[in-house]
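J.: Below is a structure I'd like to ask you about.
The values are calculated or read from the model by the stated rules, or taken from the named source; none is laboratory data. Everything numeric in this text was worked out from a predicted model, so none of it was measured. All Cβ positions, glycine included, derive from the backbone under ideal geometry; neighbour counts span all protein chains shown. Protein only, heavy atoms only, side chains kept; ligands, DNA and RNA dropped before computing areas. Shrake-Rupley method; radii C 1.70, N 1.55, O 1.52, S 1.80 Å.
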Amino acid sequence: MHETPVACDLVRTTRLLLHTLRDDPADAETQGHALLVRACFVRRLASGIYTYLPLGLRVLAKIEQIVREELDAAGMQEMLMPALSPIELWDESGRSALFGQDALPAFLIDGRGGRFVLGPTHEEVVTVTVGSQIDSYRQLPVTLYQIQSKFRDEARPRFGLLRTRELMMCDAYSFDVDAPGMHRSYDEAVAAYLRIFDRIGLTVTPVQARSGAIGGDVNHEFMVTSVIGEDKFVKCPNCHYASNIEAAEAGEAAEAGEAAEAGEAAEAGEVGSSTDPPKDGAPAHSLDAPSMKTCHTPGCTTIDSLVAFFTRSGTDRGAGVDVSPALTEITPADTLKCVAMMTAQSEPVVVAVPGNREARVPEGWRLFQEADFADNELFVRGFIGPVGLAEKGVRIVADWSLRRRSGPWVTGANREDHHVLGVIRDRDFSIAEWGSYATVQDGDPCPRCGSPLALQSSVEAAHTFQLGTTYSSKMSGGSFLREDGSRAPFYMGCYGIGISRLMAVIAEENHDEKGLLWPEAVAPFQVHLLSIGAERSEETRVAADNVYVSLKDAGAQVLYDDRELSAGIKFADSDLLGIPMRVVVGKKGVSRGVLEWRSRRTGLSGEVGLDAPGAVLV
């Protein structure tokens with residue numbers, strides 16, 4: 001009769017699939033990734049595709065268990081949806097138009113039964129699934145979750161498990177009758193996620209973010225500060241404003257003393273948005289400055305090439321190009337960068353920022369594409385400037401940072417291979433709207449209170465969204481009967497947390513020069529038992545076996561290194577694997593009736609009697 005195998009919490013290393021590496025793999029970009037490979041937790045199969053070996057799978061299982069416990073405690077129900085979904089569902093939601101873009105890098109499969117999507121996310125599937133099961137408001141609210149592999153056709157997988165083509169993810173979805181109910185479900189899910197991070201030992205900062213291809217109005221990313229993080233976020237130490245760099249806005253620089261007062265007002269909820277008109281600063285240059293001058297600047301389509309053009313010697317600029325000595329000392333900050341964008345209402349606008357800053361693309365806007373330049377001949381790529389555009393109906397918006405300086409600027413002449421020198425704001429061009437149009441930098445003023453913002457590198461560990469009716473209003477069956485008998489679309493939320501990514505984040509945040517330092521809650525084992533010299537001493541082997549059984553009886557999860565190898569190799573592997581507690585049974589200790597223990601994280605060590613090994617668990 002076949003019996004289902006029972007998970008064993010004790011494993012002998014001689015029977016474990018374990019082949020540690022001495023050196024970092026050549027493709028490892030971070031220390032955490034290198035250690036996961038060296039310690040035999042994962043192995044790379046192809047770019048962005050990894051096998052989870054027994055030790056790695058145990059860590060994933062620990063993380064999954066914590067996630068399940070917290071989501072179950074929050075009243076959510078676990079389900080499992082198929083990884084494959086028909087393309088027609090994505091056509092119905094409209095998201096199939098995003099395939100092939102970084103916003104939604106989905107894998108498409110042409111099968112015998114039609115065209116399918118190998119799910120990067122499951123909003124469409126869950127909407128039609130719940131719609132087929134729930135027909136009345138009396139059945140709401142409900143929140144469902146699954147733990148499943150996701151597939152994303154990443155253009156450039158990086159950092160091991162942090163950006164992969166296949167990942168293990170927990171995605172939850174809430175369904176409510178109205179917006180207030182959605183807000184309550186959202187708050188409950190966020191609270192559950194914060195408890196998950198607390199249990200696995202990660203400090204996260206929820207920040208405002210953009211919804212991207214998922215949709216919805218309100219969403220938060222859960223950021224873990226990390227030196228290897230590709231994501232960045234800003235945080236105000238005064239009023240606690242926090243946002244990822246894509247969604248972050250800056251306020252206008254406050255006068256001395258204003259920031260503290262604004263901070264108090266922000267805490268009291270009395271501060272207006274960043275679109276409130278700022279106080280006008282005094283222009284840095286007189287309006288009777290020399291008039292503009294057009295200069296031939298061949299091939300200078302970037303700020304760096306423009307500055308290099310003026311700062312090199314006159315003979316290198318070419319014949320007929322004469323500039324004042326002052327221009328030979330210009331910096332990017334003396335140039336005016338003008339970027340053509342299309343608003344959500346399909347209105348072409350020009351965004352002006354200092355040349356030493358990057359333009360921020362507001363939510364719903366996009367940069368000009370080839371077709372846009374072809375349809376708008378006023379805009380000459382690489383040579384866009386503000387002069388004369390307002391008179392031709394083009395709206396010019398500018399970042400706060402330009403408010404305190406009127407000129408003179410070097411900027412594009414709206415003519416190929418030409419720039420204009422000596423441009424003065426309010427004399428030669430005007431600004432239709434001021435706002436936060438430059439990517440936020442460290443030290444920029446907070447949009448709420450004016451205090452300096454702190455920029456931090458981070459890794460995104462989770463993302464939550466208030467979807468509203470983004471999917472239910474488009475998908476067939478995405479509605480229910482209200483109390484008055486009319487039909488209404490579900491108000492939805494979705495909540496994603498990367499299980500395999502968390503494993504990588506934990507490894508990045510918990511290691512030293514010797515190896516990994518797993519938090520006890522997610523460690524593959526609690527105790528790493530090492531027998532030293534057992535191959536030469538039967539007494540030592542028996543003592544180690546007895547300790548092994550005693551720890552099992554005490555409820556411990558133990559990895560027993562019973563290999564016939566030197567003490568140095570075993571100690572090195574133990575440090576590399578990073579199991580919280582190391583227990584050593586050796587000939588000298590056996591002769592004294594003791595075993596040695598050492599904490600991997602703290603380095604604290606000691607001895608306990610061989611007859612009471614369970615004491616190391618206290």
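J.: Please work out how many pairs of lysine residues in the chain are eight or more positions apart (or on different chains) and have Cα atoms closer than 30 angstrom.
T.: Lysine pairs, 8 or more places apart or on different chains, close enough: 26.
J.: If you roll a 1.4 angstrom probe over the protein chains with everything in place, what fraction of the accessible area of the stretch 323-411 belongs to carbon and sulfur, to the nearest %?
T.: Details: 2000 of 3850 Å².
Carbon and sulfur: 52 percent of the exposed surface of the stretch 323-411.
J.: Taking only protein heavy atoms and a 1.4 Å probe, what accessible area per residue, in Å², does the chain have with all protein chains in place? Intermediate results must be reported in sequence, preceding the final value.
T.: Working: 28570 Å² over 618 residues.
That works out to 46 Å² per residue.
J.: Multiply the residue gap between Arg404 and Gln77 by 0.36 nm, knock off their C-alpha separation, and tell me the result in nm, one decimal place.
T.: Details: separation 327, 0.36 × 327 = 117.72 nm, distance 5.54 nm.
Gain on stretching Arg404 to Gln77: 112.2 nm.
J.: From Cα pairs below 8 angstrom and at least 6 apart in sequence, can you work out the relative contact order of the stretch 136-259, rounded to a whole percent?
T.: Values: 135 pairs, mean separation 20.0, N = 124.
So the answer I get is 16 percent.
J.: So, how do all the Cα-to-Cα distances of the stretch 506-555 break down into 5 Å bins, in percent, from 0 on up?
T.: 5, 17, 18, 16, 13, 16, 11, 3, 0
J.: Additional query: Please report, in debye to the nearest 20, how large the charge dipole of the chain is about its Cα centre when each Lys and Arg carries +1 at its beta carbon and each Asp and Glu carries -1 there.
T.: Numbers: 60 positive and 86 negative charges, 316 e Å.
Roughly 1520 debye, rounded to the nearest 20.
J.: Going toward the positive end of the dipole of the chain, with +1 on Lys and Arg Cβ and -1 on Asp and Glu Cβ, which of Leu604, Ala103, Pro348 do you reach last?
T.: Leu604
J.: Moving on to the next point. What's the FRET efficiency of Leu455 with Glu520 using the Cβ-Cβ distance as r and R₀ = 30 Å, to the nearest 0.05? Working shown, then result.
T.: Working: r = 33 Å, r/R0 = 1.10.
FRET efficiency, Leu455 to Glu520: 0.35.
J.: Does the stretch 105-257 come out rounded, prolate or oblate, given a ≥ b ≥ c as the square roots of the eigenvalues of its C-alpha gyration tensor, rounded meaning a/c under 1.5 and, failing that, prolate meaning a/b above b/c? Before the final figure, lay out the partial values.
T.: On the way: a/c = 2.01, a/b = 1.32, b/c = 1.52.
Cα axes put the stretch 105-257 in the oblate bin.
J.: Diagonalise the Cα gyration tensor of the stretch 347-389 and give the resulting equivalent ellipsoid semi-axes, square root of 5 times each eigenvalue, largest first, whole Å.
T.: Equivalent ellipsoid of the stretch 347-389: 17, 15, 10 Å, largest first.
J.: Next up: Kirkwood hydrodynamic radius of the stretch 48-184 from all distinct Cα pairs, in Å? The partial results should precede the final answer.
T.: Details: mean 1/r = 0.0595 Å⁻¹.
With all distinct Cα pairs of the stretch 48-184 included, I get 16.8 Å.
J.: Take every Cα-Cα distance within the stretch 417-493, group them into 5 Å bins from 0 onward, and report for each bin the whole-number percent of pairs it holds.
T.: Percent of Cα pairs in each bin: 3, 9, 9, 9, 9, 11, 10, 9, 10, 10, 5, 3, 2, 1.
J.: Considering Cα pairs under 8 angstrom that are at least six residues apart, work out the relative contact order of the chain and quote it in whole percent. Mind showing how you got there, number by number?
T.: Values: 1284 pairs, mean separation 113.3, N = 618.
With pairs under 8 Å counted, the relative contact order is 18 percent.
J.: Starting from the Cα of Lys587, step 7 Å along the direction of its Cβ; do the same at Val542; then give the gap between the two resulting points in nm.
T.: So the two model labels end up 1.7 nm from each other.
J.: Also, quick follow-up: Among DSSP bridges having both ends in the chain, what percentage is antiparallel? Round to the nearest 5.
T.: Values: 88 of 115 bridges.
Around 75 percent antiparallel, to the nearest 5.
J.: Here's another thing I want to ask about it. At q = 0.11, 0.19 Å⁻¹, what is the base-10 log of I(q)/I(0) for the stretch 482-618 according to the Debye formula with one equal point scatterer per Cα and no solvent? Please give it to two decimals.
T.: Treating every Cα as an identical point scatterer, log10 I(q)/I(0) equals -0.46, -1.07.
J.: In deg cm²/dmol and to the nearest 500, what is the mean residue ellipticity at 222 nm of the chain if only DSSP H runs of at least 4 residues count, each as -39500 (n - 2.57), divided by the residue total? Walk me through the numbers before you get to the answer.
T.: On the way: 13 runs with 141 residues, N = 618.
The per-residue figure over the chain is -7000 deg cm²/dmol.
J.: Also, quick follow-up: Convex hull volume of the Cα atoms in the stretch 1-129, per residue, in Å³?
T.: On the way: hull volume 29.7 nm³, N = 129.
Spelled out: Cα convex hull of the stretch 1-129, divided by residues, is 230 Å³.
J.: Starting from 0.36 nm per residue, how many nanometres of slack lie between Ser430 and Ala179 once their C-alpha separation is accounted for? Each step should come with its number before you reach the end.
T.: Working: separation 251, 0.36 × 251 = 90.36 nm, distance 4.15 nm.
Full extension of this stretch gives 86.2 nm more.
J.: Give, in nm to one decimal, the length gained when the segment between Glu64 and Asp27 is fully stretched (0.36 nm per residue of separation minus the Cα-Cα distance). Mind showing how you got there, number by number?
T.: Details: separation 37, 0.36 × 37 = 13.32 nm, distance 2.77 nm.
Gain in length upon complete extension: 10.6 nm.
J.: From the residues Ser458, Val522, Cys494, which one has its Cα farthest along the dipole of the stretch 455-587 in the positive direction, the dipole being from +1 and -1 charges on Cβ of Lys/Arg and Asp/Glu about the Cα centre?
T.: Cys494
J.: Where the only charges are on Cβ atoms (+1 Lys, Arg; -1 Asp, Glu), what is the dipole of the stretch 561-618 about its Cα centre, to the nearest 20 debye? Each step should come with its number before you reach the end.
T.: Working: 9 positive and 8 negative charges, 33 e Å.
About 160 debye.
J.: Stokes-Einstein D for the stretch 29-89 at 10 °C, 1.306 mPa s, Kirkwood Rh over Cα pairs, in µm²/s? Intermediate values should be presented prior to the final figure.
T.: Working: Rh = 14.4 Å.
Translational D for this selection: 110 µm²/s.
J.: Take the Cα of Arg15, step 7 Å along the line toward its Cβ, and report every residue of the stretch 34-76 whose backbone nitrogen sits under 20 Å from that point.
T.: In the stretch 34-76, the label zone of Arg15 (backbone N under 20 Å from the point 7 Å along Cα→Cβ) covers 53-59.
J.: Counting each pair of different Cα atoms once, what's the Kirkwood radius of the chain in Å, rounded to one decimal?
T.: Numbers: mean 1/r = 0.0350 Å⁻¹.
The answer is 28.6 Å.
J.: Take every Cα pair under 8 Å in the stretch 372-424 that's 6+ residues apart, average their separations, divide by the length, and report that relative contact order as a whole percent. Don't jump to the answer; show the numbers that get you there.
T.: Values: 63 pairs, mean separation 20.0, N = 53.
The normalised contact order for the stretch 372-424 reaches 38 percent.
J.: Once you charge only the Cβ atoms, +1 for Lys and Arg and -1 for Asp and Glu, what is the size of the charge dipole of the stretch 469-618 about its Cα centre, to the nearest 20 debye? Display every interim value, and only then the final one.
T.: Details: 17 positive and 20 negative charges, 72 e Å.
Charge dipole, the stretch 469-618, about its Cα centre: 340 debye, nearest 20.
J.: May I pose another question? On the accessible surface of the stretch 167-235, probed at 1.4 Å, how many percent belong to carbon and sulfur atoms? Intermediate results must be reported in sequence, preceding the final value.
T.: Working: 1400 of 2680 Å².
That share works out to 52 percent.
J.: In cubic angstrom, how much convex hull volume per residue do the alpha carbon atoms of the stretch 370-461 span? Provide the component values of the computation, followed by the final result.
T.: Details: hull volume 15.2 nm³, N = 92.
Taking the convex hull of the Cα positions in the stretch 370-461, it is 165 Å³ per residue.
J.: Using the 2.2 N^0.38 Å rule of thumb for compact globular proteins, work out how the stretch 149-209 stacks up: its C-alpha Rg over that value, please.
T.: Working: Rg = 15.2 Å, N = 61, 2.2 N^0.38 = 10.5 Å.
After normalising by residue count via 2.2 N^0.38 Å, the value is 1.45.
J.: Pop the C-beta distance of Ser476 and Ala103 into the FRET formula with R0 = 22 Å and round what comes out to the nearest 0.05.
T.: On the way: r = 24 Å, r/R0 = 1.10.
E between Ser476 and Ala103, to the nearest 0.05, is 0.35.
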